[in-house]
Amino acid sequence: MKTFSYAKADDAETAVRDAHVSGAKYIAGGTNLLDLMKLQVETPEKLVDISRLPLGEIEEREDGGLTIGALVPNSDLAADPRVIAKYEVLSRALLAGASGQLRNKATTGGNLLQRTRCYYFYDTSTACNKREPGSGCSAIGGFNRVLAVLGTSEHCIATHPGDMPVAMRALDATIITLKADGDKRRIPIGDFYRLPGDTPQIETVLEAGELITHVELPAPPKGKQVYVKVRDRASYAFALVSIAGVVEVADGKIASAALAFGGLGPMPWRNPAVEAALVGQAPSDAVFAAAADALLADAKGYGSNDFKIPLARRVLIATLRDLTGE
Amino acid sequence: MFGFGKGDTNSLTMNKAHPESLLDSSAQDVIGKPIDRIDGPKKVSGKATYAAEYALDNVAYGYLVRATVGAGKITKLDAETAKAMPGVIDVITDYATFLRNPQQGGETEAPTQGVEQVAYYGEIIAIVVAESYEAARDAALRLHVDYAPSEGRYDFQTHRNEAEKPSPQQIPPYHEQGDIEEGMKQAQHRIDVTYTTPSQNSAAMEPHASLAVWEDGALTLYGAYQMPASDKQQLAKSLGVSADKVRIVAAYVGGGFGSKLGIAPESVAAAIAAKRLGRPVKAVMARQQVFDATVRRSNTEQRMRLGADADGKLIAIGHETITSNLPGEDYFEPAGMATHFLYDGENRLITHDIVRLDWTLSGSMRAPGEAVGLIALEGAIDELAEEIGIDPIELRRRNEPEQDPEKKVPYSSRMLIPCLERGAERFGWAKRKPAGTDRRGDWLYGIGVASAARSNQLQKSAAKVSIDGQGKAHVETDMTDIGTGTYTILGQITAEILGLPIEDVIVHLGDTDAPPGAGSGGSWGAGSSGSSVYLACEALRGQIAKAMGVDEPSMTLKDGRVIADNRSVPLAELVGDGMEATGEIAPGRQEKTFNQASYGAHFAEVAVNVVTGEVRVKRMLGVFTAGRILNEKTARSQCLGGMTFGIGSALTEELVHDPRNGKVVNRDLGEYHVPVNADVPQLEVEFLHERDIQANPLHAKGLGEVGICGAAAAVGNAIYNATGVRVRDYPLTLDKLLDGLPVV
């Protein structure tokens, strides 16, 4: 851990101005950032502690949706009766992540920004374009069991490790931010993350100092919701493949479908072609297979993660059966 | 008053059977009882002091520096920049003296030294010392080191054909008997398969830690070590000082599993730094460094050949293992260890070869040999039963030997078949269905069985027991308790023989100023150290009888009182200015004239998800025999831990080496997957009554490792029974099962 300076933020406006000028990182739960700082994967000059800002509430809006403060702990969000009743996929995704202790500390805003668990990103002795742009990617040609098969580039094959953001992607969440100039910004989650391309160190569209203050969920979706997570041990492991699914069946046909995937790509993955293959169709194995084809058409394995491609296909088909079954 | 033989030494070499045990004739009735650990309250209240926790004045904090090439020579180490950082005291290295790698257990020589020529990625090459841990870590992580890299050997598959025969050593690497080829030819049923197991790490909860203090040319090292008596000699030789100038204190050790048998690099680094700076230096390994630079269990490739006649009697057993280790290191993973004696069969071939790789040292990890060897042997036995079409327990019954099939000596005690039969009854084995036929929703269910076996060993061990004026007993030995329950069982043995409440026995462990004990390893701790305590107490009984003026056999000791001759006298009134005796046990002819081992049977039920290939262990049962059980609770805990290890071996644990530089890739507990609570279902453990009069005066055999032996194979065999898919490359992760599962 490099020496850093620390400021406690009393209000969001001051925090964003401070961070914009100083290049500080925000810290709330610190469940990911502190680990990375100890390893010197992250070496911020300054931390702005936002944990005391009044962003810890979950509020219902008139349109039926929820506004979630960025500091709401994962545990609280998972246990909120409105979330359990109307956004089951989100509650289940949260509970599939980390451990009870970590969920008590981890926050909604911070969890959106959790960094990859690529083995090489964590080891500063190895080349990693995400950690040290231009140094190369050790995961390509190395061990890459947990890494991505969709959306990769020759510069980076890291996965986004989260569960909560996958559910939020399926729920079409909107991320509300406060920018350094005091403006608020509404960013649909589909626009929030960036593909690695040749700048894998830039993971989101957030600008310097821009602070996530809230996440908005639209009114609850119709249909059945599930979160399926496949992993290497029964708990406390990152997803090999996960699926957040919301599917409505009406009159024997799929009326709507929202499917987001974890463990496969550098961001919570969603592909309109998957849903297009489903909507308007009567549920059948052939239709599900077509959806899987659409998802995996451009999938590329890197050796030890090749199995994710057939695994994702199997899990998607089984999940769709579950979502469209009685 | 005289001391009545104070200072007696009671020695015993196990050259003949020891049919009588004071543990049977004594009256306190505490031996075997499932009493709580006597050190438990200290541990849960933070009062048990571990190596890194000694609060000494003026401690400087060390952080170890690792090599970041797989092979090459260090050409420059930029100490000056680091030394200029705030709080940094010094950057210290001594290329010739620093340990290249840890030493193996029980060795009295120094480990391989010399780090300038880097032998593996992660080798410890220097230590940064600062006024705070954080400052030392910061400087160490930013230290710039230049290397002249050289070619290395990093990939097992690439070099497997260059495997070499190990040098002759304590465990013979080769055994050939009869003619395996001819036996296989004659066999009606044949299995010829290859199993592989990966490198593993013990991942003990407490990382390796040393706190070194020099005073008047003598070193005290507070360390996290399993065998202080030999560790002390290793450390002295590494540092070039005489052994009487080195004291090791390891009063509490947070798990070892073999990784702390010999000294590791942090000890010598701390000792050198402390000497140079003239102040105490603490060096605690980061978790990642434990993975990089301590001890791994070797990966193995094991060819198993079994040939049986029409009735299922084995006539050929072949177990050929290829392991890996660093150049110059003798240790090989003795995967064929239990194959030597578990089943009958005249034509036998058991071999071990080593591939030299520039990987982290391989050495002992819980049940070295059997833990991975029984994956192959017990998997192949399951395959043979399937091939013949008989029940796997029946196959084992038909191959139960009357004597050791190689050494042609009797078993001291052996209850393998009763363990299998009792387990079968309790587990519901009779309900097992044909492979791949028990589907419930998206899950396939199956059950599996495997034998457990682990050689029993006795090691030279000494202990001193004294009784003070209050009638309390004090046990002193440098034996360790690495979480196994040693404090408690030594207390129970003493309490039983001296007739004391357990509260009146105070046990002091892990200090080399005390008599040298066996240390914790190879499941020998309880039998060896326990016997030394037994012998000391036996001598004390003589002293007490003399003080009472009665014959020793006519005397009963109970609840702190001496009862004989129609008198009942408080022990405290007889001890005068104190009594003490030393006990010494040594192995003898009994381990050559008898085959001694602990046995058991593992049963596992698993469910395999037909969509994902995920495996969930639903329940497990282990039935074990290990002679006398000294404490049913700590014994059960040992077996639970072993079975949990087995689940990890079967399903999740794999230390991955990057084939480009040998680097350990998954070097933290997030990515090196030990089982978590959700992976471990209700585990049941049962002990069958047994006494072993050839083993030691306690009639107890080793128990710390038999719980892992065969556990993974039972899970693997259950997966086969569930799915009909036989995967032989461990761990059995879901990707390996997918191809064999039904189309979704």
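Every read-out reported here was derived from the displayed coordinates using simple, explicitly stated rules and does not represent laboratory data. Predicted model, so just to flag it, every value in this text is computed and none were measured. So basically every Cβ, Gly included, is an ideal-geometry build from the backbone, and we count neighbours across all protein chains shown.
For the stretch B:134-192, which GluC sites (Glu not before Pro) are both in a DSSP coil and crowded by at most 14 other Cβ atoms within 10 Å?
Values: sites: B:134, B:151, B:162, B:164, B:176, B:181, B:182; in loops: B:151.
For GluC sites (Glu not before Pro) across the stretch B:134-192 that sit outside H, G, I, E and B with at most 14 neighbouring Cβ atoms in 10 Å, the list reads B:151.
Over the stretch A:5-49, what relative contact order in percent results from Cα pairs under 8 Å that are six or more residues apart?
Details: 47 pairs, mean separation 25.5, N = 45.
Value for the stretch A:5-49: 57 percent.
Amide H neighbours of residue A:267 under 5 Å, at least 5 residues apart or on other chains, H built in the peptide plane: list them.
A:160
Relative contact order for the stretch B:1-141: what is it in percent, counting Cα pairs under 8 Å that are at least 6 residues apart?
Numbers: 174 pairs, mean separation 39.6, N = 141.
Answer for the stretch B:1-141 is 28 percent.
Find how much the distance from residue A:7 to residue A:181 grows on full extension, using 0.36 nm per residue of separation minus their present alpha carbon separation; answer in nm with one decimal.
On the way: separation 174, 0.36 × 174 = 62.64 nm, distance 1.95 nm.
Here the segment from residue A:7 to residue A:181 would lengthen by 60.7 nm.
If each DSSP helix of 4+ residues adds -39,500 (n - 2.57) and the sum is divided by the residues in the protein assembly as shown, what number results at 222 nm, nearest 500 deg cm²/dmol? Intermediate results must be reported in sequence, preceding the final value.
Numbers: 31 runs with 280 residues, N = 1070.
The per-residue figure over the protein assembly as shown is -7500 deg cm²/dmol.
With +1 on the Cβ of every Lys and Arg and -1 on the Cβ of every Asp and Glu, and nothing else charged, how large is the dipole of the stretch A:5-49 about its Cα centre, in debye rounded to the nearest 20? Can you show the working numbers first?
On the way: 5 positive and 8 negative charges, 30 e Å.
Around 140 debye, computed over the stretch A:5-49.
Report the calculated FRET efficiency for residue B:218 and residue A:79 (r = Cβ-Cβ distance, R0 = 60 Å), to the nearest 0.05.
Working: r = 58 Å, r/R0 = 0.97.
After rounding to 0.05, the efficiency reads 0.55.
Averaged over all directions, how much area does the convex hull of the C-alpha atoms of chain B cover when projected, in nm²? Mind showing how you got there, number by number?
Values: hull surface 131.3 nm².
Result: 32.8 nm².
Helix A:12-22 versus the longest principal axis of chain A: what angle, 0 to 90°, nearest 10, using Cα atoms?
70 degrees
Take each complete run of DSSP H in chain B, measure how far its Cα atoms stretch along the helix's own axis, and keep only those covering 20 Å or more with mean Kyte-Doolittle hydropathy at least 0.0; list them.
Span-like helices, by this rule, are B:370-388, B:525-548, B:632-651.
Report relative contact order for the stretch B:151-279 in percent, whole number only (criteria: Cα-Cα under 8 Å, sequence separation at least 6). Walk me through the intermediate numbers first.
Numbers: 136 pairs, mean separation 32.3, N = 129.
It comes to 25 percent, rounded to a whole number.
Within a Cβ distance under 9 Å of residue B:692, other residues only, what is the Lys/Arg minus Asp/Glu net charge?
On the way: positive: B:628, B:691, B:701; negative: B:690.
In short, +2.
Rounded if a/c is under 1.5, else prolate if a/b is larger than b/c, else oblate: which is chain A, with a ≥ b ≥ c the root eigenvalues of its Cα gyration tensor? Let's see the in-between values first.
Numbers: a/c = 1.98, a/b = 1.25, b/c = 1.58.
Oblate.
Roughly how tilted is helix A:308-324, in degrees to the nearest 10 and between 0 and 90, from the longest Cα axis of chain A?
60 degrees
Do the alpha carbons of any pairs in A:25/B:83; A:229/B:618; B:232/B:282; B:232/B:464; B:558/B:701; A:224/A:308 sit beyond 21 Å of each other, and which pairs? Let's see the in-between values first.
Details: A:25/B:83 28 Å; A:229/B:618 19 Å; B:232/B:282 18 Å; B:232/B:464 19 Å; B:558/B:701 26 Å; A:224/A:308 25 Å.
From A:25/B:83; A:229/B:618; B:232/B:282; B:232/B:464; B:558/B:701; A:224/A:308, over 21 Å: A:25/B:83; B:558/B:701; A:224/A:308.
Could you compute the net charge surrounding residue A:81? Neighbours are other residues with a C-beta less than 14 Å from the C-beta of residue A:81; K and R count +1, D and E count -1. Please report the intermediate quantities before stating the final value.
On the way: positive: A:82, A:86; negative: A:59, A:60, A:76, A:80, A:88.
Counting the neighbours of residue A:81, the net charge comes to -3.
Other chains near B:658-665: what is the mean number of their Cβ atoms within 10 Å of each residue's Cβ?
On the way: counts 8, 3, 5, 4, 0, 8, 2, 12.
The per-residue average across the peptide is 5.
Using a Förster distance of 45 angstrom, determine the FRET efficiency expected from the C-beta separation of residue B:242 and residue B:80, and round it to 0.05.
Values: r = 36 Å, r/R0 = 0.79.
Once the sixth-power term is evaluated, E becomes 0.80.
If R₀ is 25 angstrom, what is the calculated FRET efficiency for the pair residue A:198 and residue A:40, using the beta carbon separation as r and rounding to 0.05?
Numbers: r = 24 Å, r/R0 = 0.97.
Step by step, r from the Cβ atoms, then E = 0.55.
Which value in nm describes the separation of the simple spin-label points at residue A:57 and residue B:676, placed 7 Å from the Cα toward the beta carbon?
In this crude label model, residue A:57 to residue B:676 measures out at 3.3 nm.
Angle check, please: helix A:285-296 long axis (alpha carbons) against the longest principal axis of chain A (alpha carbons), in degrees 0 to 90, nearest 10.
So the helix axis and the longest Cα principal axis differ by about 30 degrees.
Taking the stretch A:157-229, which GluC sites (Glu not before Pro) meet the DSSP loop condition and have no more than 13 other C-beta atoms within 10 Å? All intermediate terms of the calculation are to be shown ahead of the outcome.
Working: sites: A:203, A:207, A:210, A:216; in loops: A:203, A:207, A:210.
Listed in order of number, the matching sites are A:207.
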